[in-house]
Structure formats: structure tokens, C-alpha cells
Amino acid sequence: MNTYDVIILGGGAAGLMCAATAASRGRKVMVLEQSRRPSPKILVSGGGRCNFTNIYAKPSNYHSSNPGFVNDALARFKPKDFIAIVKKKGIAYHEKKDGQLFCDKSAKEIIDLLVERTQQSGASLLLNQKVQQVYHEKDLFTVQLEDQSYQSSRLVIATGGLSWPQLGASDFGYKIAQQFGMKIVEPSPALVGLNFSPSDLTKFKDLAGIHLTVSASCGAWNMVEDIMITHTGLSGPIMLNASLVWEPGKEIVINWIPEMTVEETYAQLKKDKAAGGRGEFRIWFSERIPRRLADRIAWNAGARGAWAELPDETLMSLAKNIHEYRFVPQDTFGYRVAEVTKGGVDTREFSPQTMESLKVPGLFFIGEVLDITGQLGGFNFQWAWASGWVSGQAV
Ligand SMILES: Cc1cc2nc3c(=O)[nH]c(=O)nc-3n(C[C@H](O)[C@H](O)[C@H](O)COP(=O)(O)OP(=O)(O)OC[C@H]3O[C@@H](n4cnc5c(N)ncnc54)[C@H](O)[C@@H]3O)c2cc1C
């Protein structure tokens, strides 16, 4: 009889955390994972070293249309709780920067840890099991695979988001939510680079490979971090984080030399001009940002020829190009390279204490399938662990 107390769809980060937690409470648990290997995304995460948590994770590191939803789970399962599990297993790790913890050796160690905990707790994990359908009748969920079915009174959807379809990401979780009449916050690629408009493309594409530290803002959001120019757009940690708040049509304002402002640079340029302008500011400028980028910004601002002869409007235009470059992305680099999906199943219809649906008792959604997206830096795994753990306590 394929009957369980709890069936978990998706053997990723959140699903495996939920499985081990629930099974160690004595629940009979089955995890169904479509891939040949458990948690394929962990293997590619953090450049193969898995940035498995962030010691400073807090609710403000997350984006959602229902921001307070994360509070309870993050408070009950903290980064230190996952670190304790990692330490107990003897996995060596280090802090890269800003609280971001990475494995010293390989992300595979985190997968092995999760699988071992799942097995030791007594939960079953079946691979190569692509779930096709879910039925719900008389408080019982029936999960239909190609050639067999499983039943349980508790069903946990941990099927993740749409990013990296090459690793099997699908909209399955959203379809289940819709089947049960739940709302979806429009999903889109996030933690992803942003493409130039055609006119910016001609201005910048041959500078691909240049990287530097800048500041950027988009509406109320702002940050100082590294940026990278690519053949199609702007990437690097600052643009990946910007993609969490950016929406089509919005502009991102970039300051290529964050320690100065338009006014300060304009004053400096005028001083340089008054002193005969033999290019001192230009040297200063190219000492602070890569020479080729400095020249291009000056060119784009129309600052060509002898600097001492440039009109004040051109100097102002140059100062604005340096400190207020208005980048209006054409679109994102897309799901194939996006680290996460922003949007997802609307959390307003779930208990923040347990992740259980308020409309359909016994049905739980956890991890990235929900409309919760963390910033770059280990926050998304922390959400997977926290939502997996609190649901595992409740199923
Ligand atoms: C390249 C890359 C690097 C990343 N690096 C980091 C990082 O360093 N730190 C960090 O915090 N976050 C990182 N992330 C994000 C992180 O991987 C995810 O947020 C996290 O894996 C989400 O966990 P989850 O369990 O909700 O979903 P997933 O890990 O995506 O797991 C969902 C599982 O469900 C399975 N599934 C889907 N549909 C079905 C179905 N119909 N039947 C059966 N199984 C199904 C999938 O195969 C998958 O294994 C990275 C993501 C990518 C793509």
C-alpha cells in the first residue's frame, strides 16, 4: 500500500529539510524527486561551493508582496541552527564576506548531508519520479506518477521556481496552487543580469569583462557592490540584487565613482578648466575607474577634444554620466541563468507558522515556490531550511 502520513513533492533543499524534520517526529514520509540526483540546484550553487546560509539573515533580506510572512519561520530556524547541523557533520566552511558561508570543498557535501539526514530519520526518498497529477478527495491527497500512485493526508509542495529549466525547473508547483484556487504573484527571473537597450549596447558592449565597485539605486533601493559589464548587459552582485526590485520600464541609476557626487565632480571639472585644464581631472578619473570605461563615459558625454575648451554644459553632462548613469534595462538575462524566481504562490493564503494552506487543510507549500525571494548571499537557502523545518514540525 503506497500510503504515507506525509508526501513531499520535490527533493530539493526545502523538501529534504522538511522530510528529515517530519520523519524524526515519527511521521511516515515519502519524498518524490523527478531528477536522477537529489537537489540538483545545490550542486551548482555558490559556484560549486554552496553559499548555504548567511549569518546575518533577517526578514529585510527578503522580497515578497507579503513581507512579514517570513518573520516567524526565520525566527524559529536560524542560520545558527543550520550551521550546527553542518558542524556536526564535520563539513569545513568559511565566511567569504558579509556573513556568506560557503563549503571549503564542495556543494556536494551539503547534498550528502541532507540525504543522510533524510535516510537516518527514516524518510523514503525516490528519485526519477516525475509527479504528473494531484487529486484531493475526502481529506486524502493522491499523487499520480506515470505508472503508480501514492496517498497521504499531508502533502508538501517543494517543487521550487522556474530558474534553470536545464536542471528540470518547472511550473508544476504553480499549477498545483492554481488547481486548488490559490493566487500566484506573477513570477519573473531574479538574481540575474540585466540587458542593455539597443542604444546602450552600442555604447558599452565592447567593454565586456570590465568590473569595478559602484553604487546603484532603483526607487528606494540602493547598494554599493561590484558590477560587471558583459556583451549584452550589466551583471555582477549589484545588478543581481537590483533585479529583485527592478521591473520593466524602471531605471537603475549607477554612480561609477560612489565616493563623489555630481556637484563635487562638476566643481572639480570647473576648477580644472579654470587652471588651464591640461587633463588633470581626466587622469584622476581614469585612476578611479578602468581607463577604457573612463574614456567611454567621457566620449558618451560629448567630452572630446581639449578639456579646457569644453563648455560648462558638457562638464555637467560628464559629471552626470559619471555619477548618474541612467540605465533602463531592456529585460533580464532570463530564467536559464537566473539564480531564483521572484513572485510565486501568494503567501497571504498560508499560515506563516506552519506553511499550511488556510484554504486547503493538509496542503503545505515551502521554499522557492512561494512568493519569497532572498537577496544574493545565502538567504535563499536559509529560507528553504527555515520553511522546510517549520513545515516539518507541523505536517
Ligand atoms: C546557479 C544557482 C546558484 C545558486 N546559488 C545559491 C547560493 O549559493 N545560495 C543560496 O542561498 N541560494 C542559491 N541559489 C538559489 C537556491 O538554489 C534555491 O533558492 C533553492 O534551491 C530553493 O530550494 P527549493 O527546495 O525550494 O527548490 P529546488 O532546490 O529548486 O528544489 C525543487 C525540486 O523539485 C523537483 N521537482 C520539480 N517539479 C517536480 C515534479 N513534477 N515531480 C517531482 N519533483 C519535481 C526539482 O527537480 C527540484 O529538485 C542558487 C540557484 C541557482 C540556480
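Each value in this text was obtained by applying a stated rule to the coordinates, not by laboratory testing. Because the structure is predicted, anything quoted here is derived from the model rather than measured. Here Cβ is always computed from backbone atoms with ideal geometry, including for glycine, and neighbour counts include all displayed protein chains.
Numbers below:
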{"read-out": "Residues Arg36 and Asn2, FRET efficiency given R0 of 35 Å [Cβ-Cβ distance, rounded to 0.05]", "value": "0.95"}
{"read-out": "Pairwise label distance in nanometres, His211 with Lys359, each label 7 Å out on the Cα-Cβ vector", "value": "4.4 nm"}
{"read-out": "Local net charge near Pro329, Cβ-Cβ under 12 Å (Lys/Arg +1, Asp/Glu -1)", "value": "-2"}
{"read-out": "Relative contact order %, segment 193-333, counting alpha carbon pairs below 8 Å whose residues are six or more apart", "value": "32 percent"}
{"read-out": "For segment 187-208 versus segment 80-131, the gap between their alpha-carbon centres in whole angstrom", "value": "35 Å"}
{"read-out": "0 to 90° range, to nearest 10: angle between helix 13-23 axis and the chain longest Cα axis", "value": "30 degrees"}
{"read-out": "Neighbourhood charge, 11 Å Cβ-Cβ cut-off, centred on Asp206 and excluding it, Lys, Arg +1 and Asp, Glu -1", "value": "+4"}
{"read-out": "Cβ-Cβ FRET estimate between Ser60 and Ser199, R0 fixed at 30 Å, reported to 0.05", "value": "0.25"}
{"read-out": "At R0 = 56 Å, FRET efficiency that the Cβ-Cβ distance of Asp98 and Lys28 yields, to 0.05", "value": "0.85"}
{"read-out": "For the chain, built as a Gaussian network whose Cα springs stay under 10 Å, the top-fluctuating residue of Thr341, Thr232, Thr118", "value": "Thr232"}
{"read-out": "Spacing of the two label points (7 Å from each Cα toward its C-beta) at Ala75 and Lys138, in nm", "value": "4.1 nm"}
{"read-out": "Contact order normalised by residue count of the chain, Cα under 8 Å, 6+ apart, percent", "value": "26 percent"}
{"read-out": "GNM result for the chain, Cα springs below 10 Å: residue of Cys18, Cys218, Cys50 fluctuating most strongly", "value": "Cys218"}
{"read-out": "Candidates Ile322, Ile257, Ile283, ranked by Gaussian network fluctuation over the chain, Cα under 10 Å, top entry", "value": "Ile283"}
{"read-out": "Sorted by Cβ density within 10 Å, fewest first, the residues Ile176, Ile8", "value": "Ile176, Ile8"}
{"read-out": "Cα-only Debye scattering, the chain: base-10 log of I(q)/I(0) at q = 0.06, 0.08, 0.09 Å⁻¹", "value": "-0.29, -0.49, -0.59"}
{"read-out": "Cα centroid separation, segment 1-32 to segment 170-184 (Å)", "value": "20 Å"}
{"read-out": "Order of Asp72, Asp371 under a 10 Å beta carbon neighbour criterion, fewest first", "value": "Asp72, Asp371"}
{"read-out": "Around Tyr4: net Lys/Arg minus Asp/Glu count, Cβ-Cβ under 13 Å", "value": "+2"}
{"read-out": "Cα centroid separation, segment 38-67 to segment 345-386 (Å)", "value": "13 Å"}
{"read-out": "Signed unit charges on C-beta, dipole axis of the chain, positive-most listed residue Gly362, Ala190, Val224", "value": "Gly362"}
{"read-out": "Between helix 262-274 and the chain: long-axis angle, C-alpha atoms, 0 to 90°, nearest 10", "value": "20 degrees"}
{"read-out": "For Leu212, Leu358, order by how many other beta-carbon atoms lie within 10 Å, fewest first", "value": "Leu358, Leu212"}
{"read-out": "³J(HN,Hα) computed for each position of segment 82-90 - Karplus, 6.51 cos²θ - 1.76 cosθ + 1.60, integer Hz, glycine/proline x", "value": "6, 4, 4, 5, 5, 5, 4, 7, x"}
{"read-out": "Kirkwood Rh in Å, taken over all unlike Cα pairs in segment 233-279", "value": "13.5 Å"}
